[in-house]
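The values are calculated or read from the model by the stated rules, or taken from the named source; none is laboratory data. Because the structure is a prediction, the values reported are computed rather than measured. All Cβ positions, glycine included, derive from the backbone under ideal geometry; neighbour counts span all protein chains shown. The area values use the complete protein model at the heavy-atom level, side chains included, leaving out ligands, DNA and RNA. Shrake-Rupley method; radii C 1.70, N 1.55, O 1.52, S 1.80 Å.
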Amino acid sequence: MRKALYILGGLVMLAVLVAGGGVLWVFWQYGRGLPDTRHLAVYEPPVASRIYAGDGSLLAEFATERRVFVPFSAVPRGVIDAFVSAEDKTFFSHSGIDLPGIARAALTNLRNMGTGRRPVGASTITQQVAQNFLFTKEVSLRRKIREAIVALRLERAYSKEHILELYLNEIYLGLGSYGVAAAAINYFGKSLDELTVAEAAYLAALPKAPNNYHPVRHAEAAIERRNYVVGRMLEDGAITREVAEEARVATLTIAQSTADQFDEAAYFVEDVRRELAARQGENALYAGGLSVRTSVDPHLQDIANKALRDGLIVYDRRHGWRGAVAKLADTDDWRAALAKVPRPAGADGWQLAVVLDFAEDEAVIGLDDGTRGRISLAALKWARPTLPDQRVGPVVGKVADVLAARDVVLVEPATGDEEGAGGKSKDRYALRQVPDVDGALVAIDPHSGRVLAMAGGLDYARSKFNRATQAQRQPGSAFKPFVYMAALDAGFTPATVVLDAPFVLDLGPTIGKWKPANYTGEYLGPTPMRKGIEHSQNLMTVRIAQTIGMERVVDYAARFGVVDRMPPMLSMAIGAAETTTMRMTAAYAMIVNGGMRITPSLIDRIQDRHGRTIYRHDTRECPGCRTESFDDGPPPRLPDIRPQIVDPTTAYQMVSMLQGVVDRGTGRAIASIGKPLAGKTGTTNDDVDAWFVGFSPDLAVGVFVGFDQPRTLGRRETGSAVAVPIFRTFMAAALNDRPGVPFRVPSGIRFVRVDPDTGELAEPGQRNAIVEAFKPGTEPVPGAPARGAMPPGIGGAAIGTTGGQGVY
């Protein structure tokens, strides 16, 4: 008996040795060439870069993998419990592999053999980390063994918290979400600490197969899987029965993520993306987890988009109807056929409709939602046929002049008496048309250069070309202030009289004579400079430029950033050189801010994934700002490091003259806003480009309208007619809740009442007198003799004098 026991014991020991040797052999055989796990000690996964507006709202994300990294310490306990219960309930007690779990999985798979069911696994969270970071998705016994070996090594090398941090930030959870933080945002629009138990359980249900539990396409399966996780949490003691019951009956409500939803700032965001790629590199942009605070003001951006869009639509309607979007083959199943017609880009907020029938004074339409409506003849009166050069055809006399059966058109519910719709009615619609003209609007803080709004076109989906920063166009008369400032610094005053009369310049036998003209074709004769710019007299500007020399004008164009190297030709003085809306707006901002140089900026600050600031637009140092309060004294003052590019008194004189443009000149339609505003219209030859650039004391705005392929906007479609209404709409809304603020006057300015038509001192009681701004020593003095025909330092010949001011 004893001998038998010895034999049995020896066999057991031999079996143990063989088994142990087998295990050692497996570890030796499969443990060779395993991936190095040391790099997991410092985990820096690809993280989305997030772009924020000036108010902190999310604008967009750029990422190869949409991930928001969160350290373990920041993950709420409820989220940890949900994932541990769902994926690995013994995570905090096992050493990397779950032997009981493996045995259960093996028995289950044996029972399921021949049933066609997918084999179940028993991978621990640690094994999933090994798989996600170090192995492919290959299904084989060899990979599973190697994965288990690596899991054991990970458990020895790292804490449970670090392993769970790796897992929760790496896993893919559907909807383009990598990691739990990104999933919380994309599914529920929440941060992790805002999730309910039901929401945390749903996210924990996703790792195995996110697409199978899609909250919309597979809602029933998603809720069933979520409730399974809730049950596991209850079994593990992570939640109470009451909490579990509440979670099981909760609706699975998915919130629309705010990321990439700020389509209104699409042009702005794309320019930010380009700048980030150039400044930080593509890898940092798409994987570096940058946090970027931009300058855009969402409220002003909304206003800019609407003002530009509405202005382009109003212009487009003046130039007639270009025809239907499409035409259906028949109307037997018109709703199905209409559903197949692609919606034109730029038609946001409008519906597609098909003309089903029409009489002389009304059309019956079918809409894409299956309902029917009517368009009255009065609502079609604007839709005269468009002709070349933006002309229009005969007046619309009947519906058939515009519409035909089976025409597919864009419509919008008519409101009130809009377009003669005959009063508000739910079945009355107005005809719409996507403009083929385009434009841009830029709004800048004139004191810092921060771009507060930028609309680069009618619709980003239609064209990604940014007309605010990429379109090089002639500014026309909007360039004139830079000629006038050069003259003011050369000794002219706003009251200096300049001859407005025909001008001819012989350019030689090969080119011929250059004969610029005023837009109206009229001449004012000897006229003060102020009146010349208020009414945009070209010939006065040309004479001023010729008198002071184009070299001065070229210098001022470069100083203000309008054109870097402008040819010194007289035609440039009236806006022949090309520039952008952004440059023009920034240049005008430097006029109203007192002649201080600013650089337009879209980005305020960039932080890396660790929160370190790696770029600031405002580079000023403020040691005194690092304090908890200023109770013991005034707050610190930041130094002003902006270079002075023109005398503040010159800048103010220009502001004053441009305010006259709004009060009495080509921009007088803006005066209805009732607040101090200034600016200048611009129109190029053949009415190809229309501009208005202007400002309030604290906001500079530029508007440009034109076709992408330059052609005429139509007869009399000037800056006053096209761009001014857009500027006025924007400024009225932007300044609606702000009090009117007068333009700031620098020290040294002398105010004198003068006659606006002569520039001479006004007579006592003169009703049309204006208050003119002069630099010290240049103001007219009663009874003083004329100080000379020309300002000092200017060559040339005067043709007369008046009121102590030279006539040129």
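Below is a table of values for the structure above.
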{"quantity": "Point-to-point label distance, Tyr228-Gln709, nm (Cα→Cβ direction, 7 Å offset)", "calculated": "6.0"}
{"quantity": "Quotient of Cα Rg and 2.2 N^0.38 Å for region 532-607, N being how many residues it contains", "calculated": "1.27"}
{"quantity": "Phi to ³J(HN,Hα) by Karplus 6.51 cos²θ - 1.76 cosθ + 1.60 over region 721-732, Hz, x for Gly, Pro", "calculated": "7, 10, 7, 4, x, 5, 4, 4, 4, 5, 5, 4"}
{"quantity": "Sparse-neighbourhood loop sites, trypsin sites (Lys or Arg not before Pro) in region 692-785 - DSSP loop, at most 14 other Cβ within 10 angstrom", "calculated": "Arg715, Arg716, Arg744, Arg767"}
{"quantity": "Portion, in percent, of the accessible area of region 498-550 that falls on carbon or sulfur, probe 1.4 Å", "calculated": "56"}
{"quantity": "Potential lengthening between Glu522 and Asp357 on full extension [0.36 nm per residue; Cα-Cα distance subtracted]", "calculated": "54.2 nm"}
{"quantity": "Modelled FRET efficiency - R0 56 Å, Val504 with Lys327, Cβ distances, 0.05 increments", "calculated": "0.55"}
{"quantity": "Accessible area of region 661-767 belonging to carbon and sulfur atoms, whole % at 1.4 Å probe", "calculated": "47"}
{"quantity": "Cα-Cα over 28 Å, subset of Lys426/Lys675; Lys464/Lys675; Lys160/Lys190", "calculated": "Lys426/Lys675; Lys464/Lys675"}
{"quantity": "Region 463-512 - Rg over Rh from alpha carbon coordinates, Kirkwood radius", "calculated": "1.16"}
{"quantity": "Cut-off 19 Å (backbone N to label point 7 Å along Cα→Cβ of Trp514), residues of region 556-573", "calculated": "556-558, 563-573"}
{"quantity": "Computed log₁₀ I(q)/I(0) - Debye formula, equal Cα scatterers, no solvent, region 145-274, q 0.12, 0.15, 0.18, 0.22 Å⁻¹", "calculated": "-0.59, -0.83, -1.04, -1.28"}
{"quantity": "Cleavage-rule hits (chymotrypsin sites (Phe, Trp or Tyr not before Pro)) in region 181-275: DSSP loop, at most 13 neighbouring Cβ within 10 angstrom", "calculated": "none"}
{"quantity": "Inter-probe distance in nm under a simple model that places probes 7 Å from Cα toward Cβ, at Asp640 and Arg605", "calculated": "2.4"}
{"quantity": "Residue-span extension gain [Asp686 to Gln766] - 0.36 nm each, minus C-alpha spacing", "calculated": "24.8 nm"}
{"quantity": "Overall form of region 281-394 per C-alpha gyration tensor (a/c, 1.5; a/b vs b/c)", "calculated": "prolate"}
{"quantity": "Relative intensity, log₁₀ I(q)/I(0), of region 400-518 from a Debye sum that treats every alpha carbon as a point, q = 0.18 Å⁻¹", "calculated": "-1.12"}
{"quantity": "Per residue value of the accessible surface for region 276-411 (all protein chains in place, 1.4 Å probe), Å²", "calculated": "45"}
{"quantity": "Rounded, prolate or oblate (a/c below 1.5 giving rounded, otherwise prolate when a/b exceeds b/c) for region 521-650 by Cα gyration tensor", "calculated": "prolate"}
{"quantity": "P(r) tail fraction, region 617-715 - alpha-carbon pairs more than 16 Å apart, %", "calculated": "71"}
{"quantity": "Sites Arg391 and Ala219 - FRET efficiency at Förster radius 60 Å, r taken between beta-carbons, to 0.05", "calculated": "0.60"}
